[in-house]
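Undergrad: Here you go, one structure.
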Amino acid sequence: MPKYEAGMEAMLDMFVFETSELLEKLDEILMRTESDVLTPDDVGEIFRIMHTVKGSAAMMGLTNMSGLAHSLEDLFSLIREDPNISYDKPRLYELLYEGSDGLKYETENLGDDSVPLTDFSDLTARCRSFAAEMQGKSAEVQTAQKSGGTGGSDYYAPDDGEDVFAFRVSYESTCMMPDIRAMVLLNQVKAQCEVLMTDPADLDDDNAGDRISANGFIVKVKTDKPDTIEDHLNSGINVCDVLRLERKAAEAPKPEPVQAAPAPEQPAAPAPSAEEKKPAKKQEEKGGAMISVRIEKLDRLMRLVQELVISESGVLHSSDLAPYKTGMPNFEKSARELKKLTDELQDLVMSVRMVPISGAFNRMNRVMRDMNKTLGKGVELVTVGEDTEVDKSVADLLGDPLMHLVRNAVDHGIETPEVRAAAGKTEKPTVTLSAFYEGNDVLVTVTDNGAGMDPNVLLEKARQKGILTKPMGEYTDEECFALIMAAGFSTNTAVTQYSGRGVGMDVVKQNLEKVGGTLKVDSELGKGSTFTIRVPMSLSISSCMGIRLCGQEYALPITVLSEVFRPEADELIVTPDGKESVLRHGSGKVLKVIRLDDHFGLTGGKRDLTDGIMLVCSTPQGEAALFTDEIVEEMQIVIKPFSPYLSGFGLKERGLSGTSVLGDGSILLVMDAGEIMKGRV
Amino acid sequence: MAEQDIQNEKMETAVIFRSEGGLYAFRIDVLLEIITRSEFTSVPCLPDCIIGVINRMGDVIPVIDLRLRLGFPAPEEYGGRSCLMVINSRNTVAAVRVDEAVTSVSLENNFIPLDDDSVIEGITHGENGERISVIDADKLLSI
């Protein structure tokens, strides 16, 4: 049984999306204004956000959410009306944060039937009493005006037939937004019979809710099954009574029934939220109007553009054109124009998916605020490079790792004020988030100026936990820091609300690795630590090196490639049992050679190592030199995994991660150096 | 014609093609299209009869060589009439490389099912009495 009103499934996604977006916006305003002035613009904005949330929650039948939003809206309606009203700001913000968190939690768990609806009545009551205090009244919960009444007007016209019935639907006094309720009910009734008239006629009207509370909602219908309609009306949410109105004597004066507004073609329910949203949006983006688009649509668009480029190439390079090769200046010119346009289109589609990383950073403000409240460390959050743009999917993916890292930095990294004072640290405790590009990757760092980490302490701790893999003496500092990302490692002796369960860092690392990202740790004892996340800027486009092997082209992601060279004879080392290695004079490293043709069981490639090319790859497994015939060029490609059918043959395990369809329609196979080197270095 | 009849007719028609000198057929409801070009990209580490992959409208689909799949030796060279029959069975799309597409045949009153577990689901006969083996696409793809 869903928690929201039946028939609203289709709206759920939209509701969750809009509400989450609004609540995020609310958090942003709260963060900005908590220690600053709350301008009338901000007050108006918060009021609008709450109003919209209230409306759409009521539409979904979520009375708990709409009730809470209503009480918060009331607070801001007071502040908006009287800018000089005095109130206890910290308390107000506590209420707002609590409310925002509650609404967020509720929104996130809407689809999950195992999580019960939260009862916000306590919080709602506190908001009400706060509002009452602001007004200087006693904290008395207002009760809505009793509905009902017998209203004197007659809703029947003299020429109405026997099959015309009028009903008065009364709503419970506690019902929020009866106008929205009535609209939903009306749409359901419309599906069953002809609705002749309603009172109030226009449910979009601002006073409609009050009129319904006072007089009930009148529906006049033409039907031969009045009992069914009555039952249906009775089943509406929050309906306490349905009365079938009797006809008055014929001589009764004709009332002024408001003619039914022309029935809207579409279900009218979503309209209010859409309309109310507009002003909020407008303020948000001064640069221009914004729309939200489902990411699947963008994916489809991108795919179509790729198809277009492939078809274009097919037409322009058609073999049918060969006989006219030189005599087509106009065709050539048009072809160049077309190429320019499709190139631009391709770039544009890519850029549409890019979003600034500031969204992910802003959420950390909130995390920081809550932690400062509980831990009392007074840490300041500094952000650098929040304009850096990444693919939307990458931005979403960074949220969780960043949260873990920021929590860890504040909880474990930053010392308590006493310890800082004792250590003579005068600068403010800070956590810095920064983002910048490096090649095709985005680097996001979380730096704190806290205690830093002692490699020896980490090592000792790891020894006790039994997670060391080699003798203690052989660990470099870098490897020691990497230990904190091992499963089951936590240095804080006390488990706090925020961290200390020792599951954080290894999960962060694994999640990043799944999408081709990495996490590096650096630290200086007494000065602080830096965590560096490296992820591809876009998960859909990768920079690859095209290589030729046994007459066919393949691609190798450039992220793993550290060096490409043609070996000299004196650099090659062959052991008596035939194992081949190559010595790099520059670094003095000896790298194991893996012949790609042998690895894939191919024939016809170059066999003499001095004829071909060595691709030095570094992966978490280690370093090795992959031997291939030649390299072609660097390219930007979209890598697709193999279809489930082809994956069933174990291609991934053999070192082929997927395919890429090139501009001319041909297919490249993409190698995975990590898998190729697995168990061999 | 009622919809049911159209459906039946569809089920009961098969497209004949030649491979290794013999005649074979796919039921028309598994056949998506016939592609006349025959170049493909080889993929290592696959069973021998999956000779590579092709790009079909942006999707990378496997190419199965019917001769190899049926256990015949690999051809020296395919002739110019060689083509790829694109089939879809249980949402797996694959191209099957054959020597030549020939014609179609109605299986109505002209089909002898084979009940063993073979890739050949039954036998039908052409206009001149020649024997045609109807291939079970699902079993063909189970490699």
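The values are calculated or read from the model by the stated rules, or taken from the named source; none is laboratory data. Computed from a prediction, not measured in an experiment: that's the story for all the values here. In this analysis, Cβ positions are derived from the backbone assuming ideal geometry, glycine residues included, and neighbour counts consider all displayed protein chains.
Undergrad: Among residues belonging to region B:23-44 that are hydrophobic (A, V, I, L, M, F, W, C) and in a strand (DSSP E or B), point out the one that is farthest from the other protein chains (Cβ to nearest Cβ).
TA: If we take residues in region B:23-44 being hydrophobic (A, V, I, L, M, F, W, C) and in a strand (DSSP E or B), then B:23 is farthest from the other protein chains (Cβ to nearest Cβ).
Undergrad: Taking the residues in region A:302-328 that are over 26 Å from residue A:637 (Cα atoms) and part of a helix (DSSP H, G or I) as candidates, determine which candidate is farthest from the other protein chains (Cβ to nearest Cβ).
TA: A:324
Undergrad: Inspect all residues belonging to region A:75-85 and state whether any of them is under 28 Å from residue A:293 (Cα atoms) and crowded, with 16+ Cβ neighbours inside 10 Å.
TA: no
Conditions tested, residue by residue: (1) out of contact with any Lys or Arg (no Cβ under 6 Å at 6 or more places or on another chain); (2) among the β-branched types (Val, Ile, Thr).
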| residue | (1), (2) |
| --- | --- |
| A:76 | yes, no |
| A:79 | yes, yes |
| A:98 | yes, no |
| A:117 | no, no |
| A:124 | yes, yes |
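Undergrad: In addition: Please state which of the following conditions residue A:529 fails to meet, knowing it meets all the rest: (1) surrounded by fewer than 16 Cβ atoms within 10 Å (Cβ to Cβ); (2) in the same structural domain as residue A:412 (by TED's automatic domain parsing).
TA: Status for residue A:529: all satisfied but (1).
Undergrad: Which of the residues belonging to region B:45-59 are in a strand (DSSP E or B) and either within 9 Å of chain A (Cβ to nearest Cβ) or of a type in the set (Ser, Thr, Tyr) (or both)?
TA: B:50, B:52, B:53, B:54, B:55, B:59
Undergrad: Only strands (runs of 3 or more DSSP E) wholly contained in region A:502-581 count here; list those with 3 or more residues that are at pLDDT 85 or above and of a type in the set (D, E, K, R).
TA: So the answer is A:518-524.
Undergrad: What are the residues in region A:574-589 that are closer than 15 Å to residue A:627 by Cβ and either surrounded by 10 or more Cβ atoms within 10 Å (Cβ to Cβ) or charged (D, E, K, R) (or both), if any?
TA: A:574, A:579, A:580, A:581, A:582, A:583, A:584
Undergrad: Also, I was wondering about something else. Would a scan of region A:392-399 turn up a residue that is among the basic types (Lys, Arg) and crowded, with 19+ Cβ neighbours inside 10 Å?
TA: No: region A:392-399 contains no residue that is among the basic types (Lys, Arg) and crowded, with 19+ Cβ neighbours inside 10 Å.
Undergrad: Which residue out of A:437, A:475 is aromatic (Phe, Trp, Tyr) and without any contact (Cβ under 8 Å) to a residue 40 or more places away in the chain?
TA: Answer to the check: A:475.
Undergrad: Just checking, how many residues over region A:464-494 are loosely packed, with under 13 Cβ neighbours inside 10 Å and either under 29 Å from the mean Cα position of the chain (by Cα) or at pLDDT 85 or above (or both)?
TA: The qualifying residues number 1.
Undergrad: Can you tell me which residue within region A:589-610, out of those that are assigned to a loop (DSSP other than H, G, I, E, B) and under 18 Å from residue A:563 (Cβ atoms), is nearest to the other protein chains (Cβ to nearest Cβ)?
TA: A:609
Undergrad: Follow-up. Any idea how many residues of region A:663-681 are in a loop (DSSP other than H, G, I, E, B) and away from chain B (no Cβ under 11 Å)?
TA: Number satisfying all stated conditions: 6.
Undergrad: Taking region B:52-98, which residues are buried (at least 16 other Cβ atoms within 10 Å of the Cβ) and among the basic types (Lys, Arg)?
TA: B:56, B:67, B:69, B:97 - these are the residues of region B:52-98 that are buried (at least 16 other Cβ atoms within 10 Å of the Cβ) and among the basic types (Lys, Arg).
Undergrad: OK, next. Residue A:660: polar (S, T, N, Q), crowded, with 18+ Cβ neighbours inside 10 Å, within 14 Å of chain B (Cβ to nearest Cβ) and in contact (Cβ under 8 Å) with a residue 40 or more places away in the chain, yes or no?
TA: Yes; evaluated as a whole, the condition is true for this residue.
Undergrad: Residues being touching a residue at least 40 places away in the same chain (Cβ under 8 Å) and surrounded by fewer than 17 Cβ atoms within 10 Å (Cβ to Cβ): count how many of those fall in region A:214-225.
TA: 3
Undergrad: Pairs, please: C-beta under 6 Å, at least 6 apart or cross-chain, first residue within 13 Å of residue A:72 (Cβ to Cβ) and in region A:83-94, second of a type outside the set (S, T, N, Q) and at pLDDT 80 or above?
TA: A:93/A:34
Undergrad: Moving on. Which members of region B:72-92 meet the condition of being within 18 Å of residue B:31 (Cα to Cα) and touching a Leu at 6+ places or on another chain (Cβ under 7 Å)?
TA: Within region B:72-92, B:85, B:86, B:87, B:88, B:89, B:92 meet the criteria.
Undergrad: Among the residues of region A:47-57, are any surrounded by 14 or more Cβ atoms within 10 Å (Cβ to Cβ) and of a type in the set (D, E, K, R)?
TA: yes
Undergrad: I want to confirm something. Restricting to region A:407-439 and keeping residues that are within 27 Å of residue A:386 (Cβ to Cβ) and surrounded by fewer than 16 Cβ atoms within 10 Å (Cβ to Cβ), which single residue is farthest from the chain's Cα centre (by Cα)?
TA: A:427
Undergrad: Another question, if that's okay. Look at region A:2-33 and say how many of its residues are within 16 Å of the chain's Cα centre (by Cα), modelled with pLDDT of 80 or more and among the aliphatic types (A, V, I, L, M).
TA: Going through region A:2-33 one residue at a time, the tally reaches 3.
Undergrad: Just for region A:611-643: of the residues that are outside any strand (DSSP E or B) and either charged (D, E, K, R) or crowded, with 18+ Cβ neighbours inside 10 Å (or both), which one is farthest from the chain's Cα centre (by Cα)?
TA: A:611
Undergrad: Filter region A:209-232 down to the residues that are modelled with pLDDT of 75 or more and touching a helix residue (DSSP H, G or I) at 6+ places or on another chain (Cβ under 8 Å) and list them by number.
TA: Result: A:212, A:217, A:219, A:221, A:223, A:229, A:232.
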